[in-house]
Each structure stands twice: as C-alpha cells, then as structure tokens.
Amino acid sequence: MLGLMQDWPLLISKMLEHAEINHPRRELMGLLPEGGEFRYTYADMALRARKCAEALQSLDVKFGDCVATLCWNSHRHMEAWFGISGMGGVTHTVNPRLFAEQIAYIINHAEDKVLMYDITFHPLVEKLAPQLKSVRHYICMVGKEHLPESSLNVLSYEELISAEKGLYSWPEFDENTACGLCYTSGTTGNPKGVLYSHRSNFLHTLLVLGKDTLGIGSTTSILPVVPMFHANAWGIPFAACASGAKIAFNGPHHDPETLHKLIIDEDVNFTAAVPTVWLGMLDYLVKHDLDLGKLEAVTIGGAACPRFMIEAFQEKFGVRVNHAWGMTETSPLGSLGTENAAVADLSKEEKLDIQCKQGRTVFGVEMTIKDDDGNELPRDGETSGRLMVRGPWIAKEYFRGDGGNILDENGWFDTGDVACIDAHGYMQITDRAKDVIKSGGEWISSIDLENEAAAHPAVKEAAVIGIFHPKWNERPLLLVVLEDGASVSFDEMTQHLTGRIAKWWMPDAMEVIDEIPHTATGKISKKDLREQFKDYTLPTA
Ligand code: ADP
C-alpha cells in the first residue's frame, strides 16, 4: 500500500521560490570581481535567476545540458546555479584552482554547452578556448561596460539578462534529475565527476539547516568563504534560500583584512572554510588586536582542524568551532562535531580532544569502518580502518561511469580515508589511505603527527610523509614551515612531541622548508611532497 501524501518533487527551484515568497526583502551582498560591491534582496535574486534561465534558453540550452561556471562566490554565481538547475540543466561548477589542462579536460568530459565565467578568469578562458570542444557560448559575468577585449565572441551576462522579462516559471520534473556536477581534484588519475541530483541536494539542504549541523536559519548572516566551485559550498547557498539567511559574498577576495571587514560590517554570525583560511585570519586578528564582532560559529573542514585553532577561536574570540568532515562525493557533509549532550559533563580539555575529531555522523548518512577484508571494526575509538559511508546524498558512481563500480556489495562507498569511531559516535580521521605511514606492519597517522608538530610555537605549518626505510618499510619525515624569525631544532621538536604521540611514531628526521604545497582544494599535497623528497635518505636508514 502506498502512502497518500502529495508527490511534490524535491527540486532546487522550490528553495528559490521559498526565499522569494517568504524572505523577499532579506539581503544578499557581495564584493564584485570587477570592483565595488553589490546589494540586493532574495526577490531581486529570484527575478534575475529566472532571467538567467530565459537567457540560457535563448542560447539554446536544453533540459539536461551541462553549463559550466568558473566563478567566485557571488550573487551572479548564485543566480546561475538556480537558473541552470532550475530549468533542468546541470550546473557544472569548475574549480579554477585546477591545472589548466584539468579544466579543459573536465569541460570537455562534461560536454558543457556554455561557459559562464568571472572576469578574473578571462585570460585563462582565452587560453583554454581552442581546446574546448563543446562550448558554444562564453558569458562573462559583468556588464557590457566591463567586457574585456577578446578574440572570442564573449557575451555580457548583465546585457543578456537585461534583455529578458523574468516571467519564466520553473518546470516540474523528476527529482532524480541531475542538477549539479563537481569533479574531484584528482589526486590520482583524471578528475572524476560527481553528479548531484535535485533530490540529493534538497535532502542535503534539509540536513544543513539542522541545529546539529550548520544550524542555518533566517537570522543567520553567512560569510561562506568555502567556494561555490567546490562541493556545493557545503550546501550553504541552498540552505540560505531555504531559510532566508543573509549572505555576504567575498567574491575574489580571500585575504584576512577583507574577510574580517565583511564579518564586522555585515554582522556575520556564521562562516565556514578550510583551516588554511583561518590560519591567516587568526594571525591578522592578533597582530591588529581585533575581535570577530557578532560571529558565533565557524564550521571548519576539508582538512583536519588543528587543536590550537579551535582553542584560539573559542578562548580568545568566543566563537564556537564545529569541525566537519566530508568530500565531493558526499555532497559534502558526512559528519560534524557540534555540541553533544552525551559529552556535556566532560572537562574543557576533554571536550577539546573531542572537537579535534571530525564529529558525529549526520542524520541521513550511515558510517562504518572496515578492515582490508571488508569486516566491520569495533567503535572503540582506537581501532582504525577504511571509512565507508552510504546514504541518499552519497555518490553511487562517477559521471560517465569513470572508475567503474565504486560501492561494495552492501552499498558502502569507500572514502579513501582511514578513521576510527568512538563509543559516542565521534569519527576521527587518522589518515588518507594512501598517506598513512606503514611502519613495521603498523600504521602511523600522518595527520596526528602534523597536528602535534603544528602546535609547536615556532611552527607555522607541518606535513609528514613516509620515507622508505630498509628495516621498517617506511618511517615518518617531518617537514615544517617556520613562523617568521622563529627556529626549532630537531631535538627541540622531539622533546615537544614526547608524551604527545606514541614513542614509535617519533619522526626519524625533520626538514625546514619554505613552503608546503597545497592542492586545488587547499589540502597539503602529499603527492608533491613525496615527489620532492623521493630521493631522501633518512639518517636512521
Ligand atoms: P578532493 O577533490 O581534494 O578530494 P574533497 O573536498 O572531496 O576534495 O576532499 C575530501 C577529503 O578531504 C576527505 O576524503 C578527507 O580526506 C579530507 N577531509 C575533509 N574534511 C576533513 C577533516 N575535517 N579532517 C581531515 N580530513 C578531512
């Protein structure tokens, strides 16, 4: 027997309509790539998103077509998200931090019909254009007066939409229709496409609104530093529409001064970004003796959030840190560490220990850890294994079947992360499966070592990689970037690490380097470091 409730497809356009009807005057503002700032309301945004859909239709974009965006966080990017997906197209958010060849590869792979891009990327687009096989139109997200000179026939976004009426009514279709496409940064092989559906993004949005997740509501003023070109900006733009939250878009600006100014001027009370963004911000705040205004909470994820960062936000600035884990394949939220009744009575230090973990599984996702033979491992907070997830916003295969079958026989997706889960359900990433250091048959977590080394006051950033060792197979090499004018010897570092890590985890050597390479998504690039140190011989070898 079927239930007798209404079939109401879970479509992206429903979120926009909700914002337009229920929060028409709520403000959105942003810094523009062509300079200056911009301010309008959800009512304006919804109208312009409809005009965007009409303009794309007039360019012959059809249901199911992919349209690429190469844009910063901005109101225009948001209009494009809703305009493209709302009409049944697929918004392919392109990460501009990928290598140029990778960008050409993914645009060709997706067969994008139109490329909408911010003026910042015009030189890149001109360079790529001869390689782009499917792109029929280039739309630069500016007014006609800012249109760059070009050999391409570049259209002005503002001019295009000003020619439209905005009478478009969002079509209804199957909620399982594809609505968004985002490629993983391809640390191995070519990037692979994760194809989100209206349904998966809708359900993920309901999740994001919850108190134990991002807790976004109508009184929230958000600075989503996390980019809209990567993993749906953690679902924030959708959740903002669904709740009427204000957004301040930072556009092309990621420097602490600009971000801080936005936080203060726009009464931002919630923000989210990867740890590297906050490293710079905390430095800046201390240097200039500043506070964070009305900021209440920051979600930090994408890479492990170091303990000192959680402490600094909470102790110095009274801002709660919620540590999150996820990946492109998980839409991206998989787990989050908000306050939890089960651990409410613990001491401050113990709570901090827990906050360093990657949080508890969010409702709607199932999570387990398995050994290499596929056996589930105990949730004892110590045994670590392959982290596996499943749920309605977890990928079941990559776009165009790349990589073949990605689920095991019980439908679990192997995240490639190594983790343990404790009795309260807190998951802790101990490593990427390929970064774990295999010493004498045991695993050493490079992330734990990095966090402890980074807690040394002389250290700005730390990375640990496994180096070949004739007896142990691999042993850890610690690489550090130092704070300006600071110094630390290997002996001082080993003293600092003693008692903080298992004895046999102690790095065999330390090298001071000028810079730690990062991937397109802001993570330490272990691949580059391994390449750089491939001929390194450990003094213990
Ligand atoms: P990429 O395209 O680089 O794979 P993703 O954002 O999809 O970009 O990367 C997801 C990976 O990032 C996860 O599998 C995990 O290894 C890492 N990650 C995400 N959040 C955290 C976190 N809070 N702590 C540690 N690692 C994290």
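The values are calculated or read from the model by the stated rules, or taken from the named source; none is laboratory data. Predicted model only: the values in this text are computed from it and were never measured. We place every Cβ from the backbone using ideal geometry, glycine too, and count neighbours over all the protein chains shown. Just the protein is used for accessible areas: all its heavy atoms, side chains included, with ligands, DNA and RNA removed. Shrake-Rupley method; radii C 1.70, N 1.55, O 1.52, S 1.80 Å.
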Residues in the range 15-27: is at least one on the phi > 0 side of the Ramachandran plot and open to solvent by less than 10 Å² (accessible area, probe 1.4 Å)? no
When the range 387-407 is examined, which residues are found to be closer than 26 Å to residue 421 by Cβ and surrounded by 21 or more Cβ atoms within 10 Å (Cβ to Cβ)? 387, 388, 389, 391, 393, 394, 395
Restricting attention to the range 501-516, report how many residues are loosely packed, with under 15 Cβ neighbours inside 10 Å and either in a loop (DSSP other than H, G, I, E, B) or touching a residue at least 40 places away in the same chain (Cβ under 8 Å) (or both). 4
Taking residue 328 as the residue in question, decide whether it is within 8 Å of the ligand (Cβ to nearest atom), touching a strand residue (DSSP E or B) at 6+ places or on another chain (Cβ under 8 Å), closer than 20 Å to residue 227 by Cβ and hydroxyl-bearing (Ser, Thr, Tyr). yes
Mind checking whether some residue in the range 188-197 is under 18 Å from residue 334 (Cα atoms), within 16 Å of the ligand (Cβ to nearest atom) and not in a strand (DSSP E or B)? no
Could you please tell me which pairs satisfy a Cβ distance under 9 Å, a separation of 6+ or placement on different chains, a first residue in the range 195-207 that is more than 16 Å from residue 231 (Cβ to Cβ), and a second residue that is open to solvent by 10 Å² or more (accessible area, probe 1.4 Å) and part of a strand (DSSP E or B)? 198/178
Could you tell me whether any residue of the range 310-322 is in a strand (DSSP E or B), within 20 Å of the chain's Cα centre (by Cα) and near the ligand (Cβ under 6 Å from one of its atoms)? no
Please work out which residue is surrounded by the most Cβ atoms within 10 Å (Cβ to Cβ), limiting yourself to the range 353-378 and to residues that are more than 15 Å from the ligand (Cβ to nearest atom), more than 18 Å from residue 445 (Cα to Cα) and not hydroxyl-bearing (Ser, Thr, Tyr). 364
Taking the range 294-309 only, how many residues are charged (D, E, K, R) and within 16 Å of the ligand (Cβ to nearest atom)? 1
Which residue pairs have Cβ atoms under 8 Å apart, sit 6 or more places apart or on different chains, and have a first residue in the range 299-319 that is within 26 Å of residue 229 (Cα to Cα) and modelled with pLDDT under 90 and a second that is aliphatic (A, V, I, L, M) and near the ligand (Cβ under 7 Å from one of its atoms)? 304/429; 304/447
With criteria (1) outside any loop (DSSP other than H, G, I, E, B); (2) over 30 Å from residue 198 (Cβ atoms), residue 379 comes up short on (1)
In the range 429-456, what count of residues is obtained for those that are open to solvent by 50 Å² or more (accessible area, probe 1.4 Å) and in contact with a His (Cβ under 9 Å, 6 or more places away or on another chain)? 1
How many residues are over 14 Å from residue 452 (Cα atoms) and either β-branched (Val, Ile, Thr) or modelled with pLDDT of 95 or more (or both) when one looks only at the range 491-512? 5
Counting residues that are hydrophobic (A, V, I, L, M, F, W, C) and either more than 30 Å from residue 397 (Cβ to Cβ) or away from the ligand (no atom under 16 Å from the Cβ) (or both), which strands (runs of 3 or more DSSP E) fully inside the range 411-484 reach at least 2? 459-469, 473-482
In the range 244-258, the residues that are free of Cβ contacts under 8 Å to residues at least 40 places away in the same chain, out of contact with any helix residue (DSSP H, G or I) (no Cβ under 6 Å at 6 or more places or on another chain) and part of a helix (DSSP H, G or I): 257
